[in-house]
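Note sheet for the following structure.
The values are calculated or read from the model by the stated rules, or taken from the named source; none is laboratory data. What you are looking at is a predicted structure, and each value in this text was computed from that prediction instead of being measured. Note: ideal-geometry Cβ built from the backbone for every residue, glycine included; neighbour counts use all protein chains shown. Accessible surface areas use protein heavy atoms only, side chains included; no ligands, DNA or RNA. Shrake-Rupley method; radii C 1.70, N 1.55, O 1.52, S 1.80 Å.
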Amino acid sequence: MAQLKSAAFKEGEVPQAREPLAVQEPLPEGSGRSFPPVSVPACQTLIDVRNGEASFAHVFQHFNWKENIMGGGSTLASYEDGRAEQRFAELKRALATCRHYEGEGYVGPFEATVTTQASPEYGEEAVTFREIVPMGPENGGDRNEQFVVVRTGNTIATFSELSIGKDLFFPPEVITRQVERLRNAQRP
């Protein structure tokens, strides 16, 4: 956990973000609110991998962008040898079949559509997809969240950018810098 925290961004390192840039550890098992699994098992796998579930350790970092009030975030997850490759393969299989699912969140039941996008050139493996939840015009449009998931060695980093009624993207230069930090942290 400490090594992941040290690889995360510090105050002043992401000029597009408002301060503070706090790094958060997951809540202790059983202390947070839990939700039932989503309606499609492959989609649950997708959600679990992007959230760092089944990792050895993971941390979260939220970004309150100066230009997007909805913000973004990253999850840095560390795995035991070979396990990151296995989890990433599970994610790719899930993306091949997960197109739509129903679930329950903090504001109640929802339906989500998953669309894949061109794979970026980050780390050893990377995928990009969006999850879109209809919200209706009275709420400003659909909830639209972009995810870029990158495997570098024994880590999987997930970057998300949330918007309403728009297609916004997590800043590529921030992804590049974070992936390089994760790569350097794993060198002997």
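General remarks:
- Selection within the stretch 142-176 - free of Cβ contacts under 8 Å to residues at least 40 places away in the same chain and either assigned to a loop (DSSP other than H, G, I, E, B) or more than 14 Å from the chain's Cα centre (by Cα) (or both): Asp142, Arg143, Thr152, Gly165, Lys166, Asp167, Phe169, Glu173
- Applying the set (1) hydroxyl-bearing (Ser, Thr, Tyr); (2) in contact with a Pro (Cβ under 7 Å, 6 or more places away or on another chain); (3) open to solvent by 50 Å² or more (accessible area, probe 1.4 Å) to Thr128 leaves exactly one unmet item: (3).
- Of all residues making up the stretch 112-141, the number that are in a loop (DSSP other than H, G, I, E, B) and either under 16 Å from the mean Cα position of the chain (by Cα) or under 30 Å from Arg177 (Cβ atoms) (or both): 7
- Note on the stretch 64-82: residues that are assigned to a strand (DSSP E or B), in contact (Cβ under 8 Å) with a residue 60 or more places away in the chain and of a type in the set (Phe, Trp, Tyr) amount to 0.
- Lone unmet requirement of (1) touching a residue at least 12 places away in the same chain (Cβ under 8 Å); (2) in a loop (DSSP other than H, G, I, E, B); (3) not polar (S, T, N, Q) for Val49: (2)
- Checking Arg33, Arg18 one by one, the residue that is modelled with pLDDT under 90, open to solvent by 80 Å² or more (accessible area, probe 1.4 Å) and touching a strand residue (DSSP E or B) at 6+ places or on another chain (Cβ under 6 Å) is Arg18 and no other.
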